[in-house]
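The values are calculated or read from the model by the stated rules, or taken from the named source; none is laboratory data. Because the structure is predicted, anything quoted here is derived from the model rather than measured. Ideal geometry is used to build each Cβ from the backbone, glycine not excepted, and the neighbour counts take in all protein chains shown.
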């Protein structure tokens, strides 16, 4: 069991001198383990029996990127997975800097649902959002339904279409790969811009909410009813 | 008033030719006794007047259309028109017709479900050893001792459950006080019952009839219903008996119709069954066994799924039947918690009808496919916060960019905080407040209806605002004025879990002195606000369509424009809804304070045009 404890309270670490804050949402079919991934990342705990998430849960966690001496604070929005909660989804990913689209490697349907979410994000989410396609429950490789090669194929296709997607497998149960996902997201975020923009904890003003320096381009998105499956 | 519940829609004896001969004979007997009870109940001339309480079914704009099963649900659904089905304790709780076509195993489960609540029925020997007479033990001193020594609370939750948010020792510390309070309340209830001529045969019998609504009863309800009476009292005051009597055999029929059904809803239900109260012994058989969670696999790994408890089977039947009965809703996550909590307190047929009453009458459309009721109620809550807790609105009433939301924007683009508060309405505080506090809110909810949710939401918000930690956190924040919204959300998300003392919450809610006096927020005000918000949102949809459908014909456009006045939330339409100009709501005086404010602000805007 690998325990990603090293990232706990990194703010006490003396080596960092820069700070950036980003909003991250988790999306994916119900019971794929979204909340479990978050709890592994934030609290380093795991429950076999986790209650279904209703609405949303908010958590924060910071990690440090030693190379760039930067502390990244993630505002994590964990969402309910059921299809109908999609009508709330735009509220979650509005202004998001990163999205974790989670599937369960033992469930083919959850993989296609994760792809649907990516499609939806491409259409609706802020431009420049960092997207990660994450296969959870890698400890259940025996009942695997989604092969890594398929994922690679999908990613390949996506990159030909001009979108780069981070992809990885993890196990919230064992902890394998969880921290790595958040680290690679952190590395893909426009940290320089965020830090350069002088973003700090005080975000009273209207503009600096765009922590990642991502231009939301609110006008870009047509006011469209977001209902229905994409 | 003639009401004839004597012939159930489906006679249980009509068609069951060959199956289950022995089983059936037993269930037919018990079925007979139900009918007898109903006859007694309905011929009792005193009963109707005694239970006539208040005009219960306020027609609401949210009311969904009747589904095929609920067609005979009529405007006669008044509290006084039908009676509870007698007060026999041994009333069989599942109609015998349910047994038709079920195999023996299922029959045993169902008959077991009957025996759980029918105290005078001795559980048959073939039922599982773990079967208990009743999930909720009576509030008596010796049971309190037992609970103090057990790792589980009186509802079967682990004391260290997330629903309590405290350690085992803390639980006991709290419970040893609170249980004394509960004992004193129960004495008061006994006196109330006696004064109303509702004699209880034994100290620990559970009444099926309760006194008609009155200030006295309301006061006691707010102080808490004895835990083991809850199911019966909720069902009584929510109008469960009349609903059930009008639909005799319907639940059984649906269960039969849906037993082999597989669809999108059942798929999600299956995923949620084991994620419903996993730290309750009635839902999760594993937690009592020494081989604990460490050796189990993920809940969704069906290959190694833990054995199902009877409760999980009931939950599956109720949720599946409900999804079938209310196709506009189907299954919505959070219904699992509502049904689950109901099932701890009543048998499944009743839990089913309570779910129907809840989603039709109390929180309409909240669980519907587009969650429109969630948006509506969040809009109402935001209006209420703005009105009653302006200091909090100053913090919450902003969009993500930190811009203050203007009056007319609130309803079209809900503030981000509603991402937290919407779950309060979907799960009715289950998992939000500690369990005993939740149950105390439910006591009041079933008696006083939906205003209760708003009153307590406001109370929680105000307690949150006044909390020293919250204040400190705000002051520590640079600039002081702005608290990082996510910090605020986290606080608002975590703070309710700490309200361990139900009396603190209830007193804060209702007390005029030393509390917030939210008891003055009336149901009428809520109804009108809901109507207002949903109309505004409907207009928003029109506008959206207007923007999108550029290819529309002139005819269509004219229709659309005439239906929405062309613009969204224009002054005229707001006046319409508030009744200032065209008095749509003539004769109704409501929400003076909000309406006056709205009036002022719109007059101002008009003149400045």
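Quick check: is even one residue across segment B:363-370 surrounded by fewer than 22 Cβ atoms within 10 Å (Cβ to Cβ), more than 11 Å from chain A (Cβ to nearest Cβ) and not in a helix (DSSP H, G or I)?
No: zero hits.
Against the definition (touching a helix residue (DSSP H, G or I) at 6+ places or on another chain (Cβ under 7 Å), surrounded by 22 or more Cβ atoms within 10 Å (Cβ to Cβ) and either modelled with pLDDT under 95 or part of a loop (DSSP other than H, G, I, E, B) (or both)), how does residue B:333 come out, yes or no?
yes
Tell me yes or no: at least one residue of segment B:337-355 is within 12 Å of chain A (Cβ to nearest Cβ) and part of a loop (DSSP other than H, G, I, E, B).
There is no residue in segment B:337-355 that is within 12 Å of chain A (Cβ to nearest Cβ) and part of a loop (DSSP other than H, G, I, E, B).
Test residue A:94 against the criterion of being surrounded by fewer than 22 Cβ atoms within 10 Å (Cβ to Cβ), closer than 26 Å to residue A:154 by Cα and more than 10 Å from chain B (Cβ to nearest Cβ), and give yes or no.
Against the criterion (surrounded by fewer than 22 Cβ atoms within 10 Å (Cβ to Cβ), closer than 26 Å to residue A:154 by Cα and more than 10 Å from chain B (Cβ to nearest Cβ)), residue A:94 does not qualify.
Any residue at all in segment B:431-440 that's closer than 19 Å to residue A:56 by Cβ, within 13 Å of chain A (Cβ to nearest Cβ), at pLDDT 90 or above and in contact with a strand residue (DSSP E or B) (Cβ under 8 Å, 6 or more places away or on another chain)?
No, segment B:431-440 has no match at all.
Per-residue answers, yes or no, for (1) without any contact (Cβ under 8 Å) to a residue 40 or more places away in the chain; (2) under 21 Å from the mean Cα position of the chain (by Cα); (3) closer than 22 Å to residue B:343 by Cβ:
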| residue | (1), (2), (3) |
| --- | --- |
| B:197 | yes, no, no |
| B:210 | yes, yes, yes |
| B:219 | yes, yes, no |
| B:222 | no, yes, no |
| B:238 | no, yes, yes |
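Hand me the list of helices (runs of 4 or more DSSP H) wholly inside segment B:459-538 holding 2 or more residues that are within 18 Å of residue B:434 (Cβ to Cβ) and more than 14 Å from chain A (Cβ to nearest Cβ).
B:502-510
Would it be correct to say that residue A:57 is within 12 Å of another protein chain (Cβ to nearest Cβ), part of a helix (DSSP H, G or I) and either touching a helix residue (DSSP H, G or I) at 6+ places or on another chain (Cβ under 8 Å) or farther than 24 Å from residue B:332 by Cβ (or both)?
Considered against the rule, which asks whether it is within 12 Å of another protein chain (Cβ to nearest Cβ), part of a helix (DSSP H, G or I) and either touching a helix residue (DSSP H, G or I) at 6+ places or on another chain (Cβ under 8 Å) or farther than 24 Å from residue B:332 by Cβ (or both), residue A:57 comes out as no.
Since residue A:52 meets every condition but one in (1) within 8 Å of chain B (Cβ to nearest Cβ); (2) part of a helix (DSSP H, G or I); (3) surrounded by 21 or more Cβ atoms within 10 Å (Cβ to Cβ), which condition does it not meet?
All conditions are met except number (2).
Restricting to segment B:371-402, name every residue that is surrounded by fewer than 21 Cβ atoms within 10 Å (Cβ to Cβ) and on the phi > 0 side of the Ramachandran plot.
B:402
Would it be correct to say that residue A:80 is at pLDDT below 95, under 18 Å from the mean Cα position of the chain (by Cα), at the interface with chain B (Cβ under 8 Å from one of its Cβ atoms) and crowded, with 23+ Cβ neighbours inside 10 Å?
Answer is yes for this residue.
Can you name the helices (runs of 4 or more DSSP H) wholly within segment B:208-273 that have at least 1 residues being within 14 Å of chain A (Cβ to nearest Cβ), within 29 Å of residue A:52 (Cβ to Cβ) and touching a helix residue (DSSP H, G or I) at 6+ places or on another chain (Cβ under 9 Å)?
Counting at least 1 such residues, we get B:264-273.
A quick yes/no check of all residues on (1) in contact with a strand residue (DSSP E or B) (Cβ under 8 Å, 6 or more places away or on another chain); (2) modelled with pLDDT under 95:
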site: B:119; (1), (2): no, yes
site: B:122; (1), (2): no, yes
site: B:129; (1), (2): no, yes
site: B:140; (1), (2): no, yes
site: B:145; (1), (2): no, yes
site: B:163; (1), (2): yes, yes
site: B:169; (1), (2): no, yes
site: B:218; (1), (2): no, no
site: B:229; (1), (2): no, no
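Restricted to segment A:145-165, and to residues that are out of contact with any strand residue (DSSP E or B) (no Cβ under 9 Å at 6 or more places or on another chain) and more than 18 Å from residue A:128 (Cβ to Cβ), which residue is farthest from the other protein chains (Cβ to nearest Cβ)?
Top of the filtered list is A:160.
Which one of the conditions (1) within 26 Å of residue B:495 (Cα to Cα); (2) in contact (Cβ under 8 Å) with a residue 40 or more places away in the chain does residue A:53 fail to meet, given that it meets all the rest?
So the condition that residue A:53 fails would be (2).
Would you confirm, using the coordinates I've provided, whether residue A:168 is out of contact with any strand residue (DSSP E or B) (no Cβ under 8 Å at 6 or more places or on another chain), away from chain B (no Cβ under 13 Å) and either modelled with pLDDT of 50 or more or farther than 17 Å from residue A:100 by Cα (or both)?
So residue A:168 does not fit the description; no.
What about residue A:26, is it within 29 Å of residue B:411 (Cα to Cα), modelled with pLDDT of 95 or more and within 14 Å of another protein chain (Cβ to nearest Cβ)?
Criteria met by residue A:26.
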